[in-house]
1. What lysines could a cross-link reach from B:Lys508, if we take a straight Cα to Cα line under 16 Å and drop same-chain neighbours fewer than 8 places away?
2. Order by neighbour count: B:His461, B:His202, A:His266, B:His724, fewest other Cβ atoms within 10 Å first, most last.
3. Rounded, prolate or oblate: which fits region B:739-814 when a ≥ b ≥ c are the square roots of the eigenvalues of the alpha-carbon gyration tensor, with rounded for a/c under 1.5 and prolate only if a/b beats b/c?
4. Write down the Å³ per residue value for the convex hull defined by the alpha carbon atoms of chain B.
5. Tell me what chain B gives for mean residue ellipticity at 222 nm when only DSSP H runs of n ≥ 4 count, each as -39,500 (n - 2.57), the sum divided by the residue total, rounded to 500 deg cm²/dmol.
6. Looking only at other chains, what is the average number of their beta-carbon atoms within 10 angstrom of each beta-carbon in A:85-93?
7. What aspartates and glutamates does B:Lys395 reach when the alpha-carbon gap must be under 14 Å and sequence neighbours fewer than 8 apart in one chain are set aside?
8. Which value, in Å to one decimal place, does the Kirkwood hydrodynamic radius take for region A:198-354 when every pair of different Cα atoms is included?
Amino acid sequence: MKRLLVLEDGSIYEGRAIGSDNFKVGELIFNTSIAGYQEVFTDLASAGEIVVMTYPLIGNCGINRDDYESISPSVFGIVIKDECQKPSNWRCQESLEDFLQREDIPGICDVDTRALVAKLTTSGTMKATFANIDEDIEEVIKKLQTAKAEKLVSKVASDKSFSIPGEGKRVVIIDFGVKLSILREMSRKGFDLIVLPYDIDAKTVMSFVPDAVFLSNGPGDPRDLSSSIETVRELLNKTVIFGVGLGCDILALAGGAKVSKMHVGHHGNHPVLNKKDGRVIITNQNHAYEIDPDSLNATELQITHTALNDGSIEGIAHKRYKAFGVEFYPDTNTLSHTLYDDFKMMIEKENQDA
Amino acid sequence: MPKREDIKKILVIGSGPIIIGQAAEFDYAGTQACQSLKEEGYEVILINSNPATIMTDTTVADKVYIEPINLDFAKRIIYKERPDAILGSLGGQTGLNLVVALSKDGILDEYGVEVLGTDLHAISKAEDRELFRSLMQEIGEPIPQSKIIYSVEDAVDYCKTLGYPVVVRPAYTLGGTGGGFADNEEQLRTICEAGLKISPVHQCLIEQSIAGYKEIEYEVIRDNNDNAIVVCNMENVDPVGIHTGDSIVVAPVQTLTAKEANMLREASLKIIRALKICGGCNVQLALDPQSDKYYVIEVNPRVSRSSALASKATGYPIAKISAKLALGLTLDEIKNPVTKTTFACFEPNVDYVVTKFPRFPFDKFPNGDRRLGTQMKATGEVMSIGRNFEESLLKAVRSLEMKVDHLASPELENYDAEALRELILEHDDRRMFAIAEWLRKGLDIREVYKMTKMDMFFLEHIAYIIELEKMMKDNIGDVEALKQLKKRGFADSYIARNWHMSANDIYKLRKANNIMPVYKMVDTCAGEYQSATPYFYSTYEQENESKVSDNQKIIVLGSGPIRIGQGVEFDYATVHCVNTIRELGYEAIIINNNPETVSTDFAISDKLYFEPLTTEDVMHVVELEKPLGVIVQFGGQTAINLADSLVENGVRILGTNLDSIDKAEDRHEFEDMLKKLNIPQPEGETAITVDEALLIAGRIGYPVLVRPSYVLGGRAMEIVQNDHELSHYMQNAVKEISHDAPILIDKYIVGKELEVDAISDGQDVYIPGVMEHIERAGVHSGDSISVYPTQTISQEVKNTIIDYTLKIGKGFNFIGLYNIQFIVDRHDFVYVLEVNPRSSRTVPFLSKITGVEMANVATKAALGISLKEQGYTTGYHEENKNRVYVKAPVFSFAKLRSVDTVLGPEMKSTGEAMGSDVNLEKALYKALIASGVSISTHGNVLMTIAGNDKQEALAIAKRFANIGYGIYATDGTASVFEQNGLHVHIANKIDQGEKDNVIDIIRQGRVNFVVNTMSSKEKTHLDGFLIRRVAAENNISCMTSLDTAAALVSVLEAMSFSMISMNELGNKSC
């Protein structure tokens, strides 16, 4: 069955329908990851987005039970070039199509994704949605132009508090849509985890007597989360803080910096320069907002990491408090992995000092 | 870190002649490295014995030494040049080995020469089995377990702990004979028992079997600041067990989840860091398809064939960057040469599928062992790029030039299931075609998986191609069907055959319905950043990215995959042609599909289209670019063969036009033309049937030379002695050759062969040189030792040759390069054997030694700049008599089992080496050494000589004896020698017992050389074949032409002192 992808600027791409027909208006972004489509589609930071995969062959290994980054994937749609209908991998449980149907995610394939990327890099990300071939396109475009941004974190992040017990230091995770691989990695490090909803107040956080607070990744505009920003501001002098992705932006905002929307964002693999040792880390990223470097001047935040290619800020640390954050995911390779160890060390040092 | 200022002069080591396993990829890597060093302001000194390369152009390095790559000659260069540093990691295994040898020798310390790039300690850790094993254990990376055993019981005990299956590898056996897989104790006992017996040292290696594991490669690069990145990962479609050079390889990896890919990525980075590699490195891993268990198979601590592929597959120039890292720069300081906006410290993101398909030489070696295994057999490869796997695969298949345009081989059409099963099970090089045929017959796909362990992903995609074939047949003429087929990479010609239309009809149908390809850019970043890389591939999608400029453009066709008969020489000419076109202010556009070469480096041309060289694919580019014309004369037979159909499609061929090409290539037109010019050629005619052939041969008399018309490198060419052999040839060779091309039957003339390359502009003809072959006519010119200037022919003969060359150039109205083969008989009568209206194998050699840049001059001529305007007048380039240049062929026989090494009219060499010095013997010595012959001033020679040759061989044997060589000979030969006063050790024939037989003598290394000739009667005789094979596999030079043997003796004589008594001298004087 044919299907259309309609963009805010009125351009239309025709392809073959995959997945469900639960058409929503989403932010059209592209992701350059070659492997790892399952992680991208299930990452809650992708909520509200319609993701164009630049690698053309998607679904080769199907979907397995282990590689989910969330329990309820919330991506608004996917755009791919070539759908693999007969996946092959020893862990494969279902095909991409079955997954999309089951999770009620719409998609489109046989699209010139490279042409789409060219459009997005020129004009920046824009809103898009799917449409049936016989739909009134004028109406669809009007819908796109009038659509308001949704408050995504409140939709996708857990509104319950829960614990993932461990033997080690206690870390409170403020959940904006935390990646499961972060929880997995934190558990492996032995942390005693308490996951709290995004709109929690500082007092409640401190009532768990945490050794540290972790600000998770998540979707959407961090500037919308004023209560969370306030909470973090209050926590700054009280405990060790580590933020990732959206969590890093929240930390920046709490520290007084400004955050703005990027032209196309960073979705996929990006080299990052660690200013401390001058070495480059290849990182996995999924963020659409960045910290405004000029705004740091008036704050006590300093830059620890920058993107090698466009120079944007990828990591900050507080000059006075034990708080730091990175825009990229620390869970992909050995070098960015060490951030968990940095975190752990910082917690231990804090405890000694205290 | 800024680049090193304390070093100024760098010695770079090339990889030498092209052999299987070390081919044009090192010309690409070496050229990039030299340019990269020069770019940074260093003085570059190069040593490389291969004259056919771009790398040995005097413009690539400040000083180029075309000398043998060994300790002796490298030391001489160090004495003379006093370099500050040496770089060997870009010259393949040859380069690395030489650096290690130089270091061991002590000369590097003595002269203060620093080793750049990866240090030698790291290299030995990667290359030494035991050191590597302990390093892997240290860093916790798994490797397959193994143990050396000396008894069956040892083996059984070991396997009790190791488990099954295991591989048994007997030590020091020919090509790994006697080994095998054991699934249980019983099998282990049988194989071990046999293996221990076969092994001369009674030793076997028992190794944990990882056959059937996925073979995954990571191309990684690291700088001295410990930044390390993955440039590309690649997946072998064939699982572990088939050499990666012989495997079909896709990039990026297709069947791994991110978790698996990350696991292997981390392992690779851990290894490159542990080894402290500086520069590119290749890590091969084996991954269990049913778990996340993996093993590290091998690490190559240098650039390699895989890195060339990875560079072309991603656009990331590994060799170029590696050279800069060797200078102390770090990855984050170097700009990404593709985007020019981002840095080299990143992992390329691709948005297409790359397929590499190997090219095998079995069309030339039909008797070769076609089963693939751990020894590489492919001579070259093609690469293709598509936006889906089917497209990528089918484009690769039609790039191969194996007379197939689809994953369907006419040869296999009539194979039954059993025959196909055998090809698939035995890892025959045709297995992909066999798998397609199997599925086409509706046989079970799961069985293919069981037989091959190829991932179902790949098999399902092949099955989809078969499904589309059915759809195609059910929807003849349907536009929607056509659209779908084109998207999946089907060729017009294939659809046309199935739709009973002409390819042109399909093309018109497409054009009418706007089913035309677009071109996408290879930009290392999946479109994320602005790039201006002029590197494109076709696909059927929406947006075309190849912007056509207003410049005047010229398209140059490359020569496709490297194969015997069409080697790197043609890439050399292609690159020179492109350089000249750019110099003249035109836009130069290359179409080629060989990832190993310099011509497919996107920095060479204004635009590179990485495409199959077929009429359809070339026409698409022509239609888009609308060039002034297309140049076909530099891309070997590949490009020449396209001339016809391009002209039919209205394309202008620049340089020699189609008429003139046909005059040279069509037998009858050629004959008529030579008659008109009054130039003699050996008598001959064409035949289609056996009877015709017999009649012709009867008339002109045996021996006759038979070959199909339109040949490449003497394919299927033979000297035939009688009716019986002729009928056999006609019945067997004709099948292989296309039916509309008849067989040529020529009088075979015994005499000297000479070769000329010349340039004509239609008015004037310039002849840079005449080369003389050491071997008499009958040995393919590509396999002959070639000498310049000529040594034995008279001025009169040379004048005749020059005269004929001028007449042919003008008479055929050639514009550009052409090549002529001559034969001079005993009465100094000159015949023309053949004329090639294109660049030839000898063009780089002759260009370099005469200083006439032939491809450049010819390109200018083709673009309308006359020779006069270029400063050349009709005539012969003055010879420099003070130096002699020798080009010697290099063979890869040790790697091609069951291939007869005897030289004949069919070309067998894979590469060439050059030697030059003040006299013939010194030049020959260098050329032979450089081509891999080991020459020692004393030793033994084994001679087994055919009846007719015995008297001639006697003279050679005497010369060997005079310089103190011991002579071994089989009884017939021995008796002739002994009757003439030579001392001979008798070598038993093979059936005369196991001990001291010829094979035994060769294997034990008791002789330094073997001279073996055969008469036609003995052609099928097994003894001669075995002698030649055993010599090849033991790396002992076996000469099958007495001319080569005589040349060798003259070298040995020049190095030795002759031992002749005064009495003998006295005898002579009276």
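Bear in mind that the values in this text are calculations on the coordinates, not laboratory data. No experiment lies behind these values; they were computed from the predicted model shown. Note that each Cβ is placed from the backbone with ideal geometry, even for glycine, and that neighbours are counted across all protein chains shown.
1. Those lysines meeting the cut-off are B:Lys483, B:Lys486.
2. Details: B:His461 23, B:His202 14, A:His266 27, B:His724 10.
Result, fewest neighbours first: B:His724, B:His202, B:His461, A:His266.
3. Oblate is the answer for region B:739-814, as a/c is 1.5 or above yet b/c matches or exceeds a/b.
4. Roughly 178 Å³ of hull volume per residue.
5. Only helices count here, giving -11500 deg cm²/dmol.
6. Per residue, the average neighbour count from other chains is 5.
7. In chain and number order, the partners are B:Glu381, B:Asp405, B:Asp492, B:Glu611, B:Glu616, B:Asp617.
8. On the way: mean 1/r = 0.0646 Å⁻¹.
With all distinct Cα pairs of region A:198-354 included, I get 15.5 Å.
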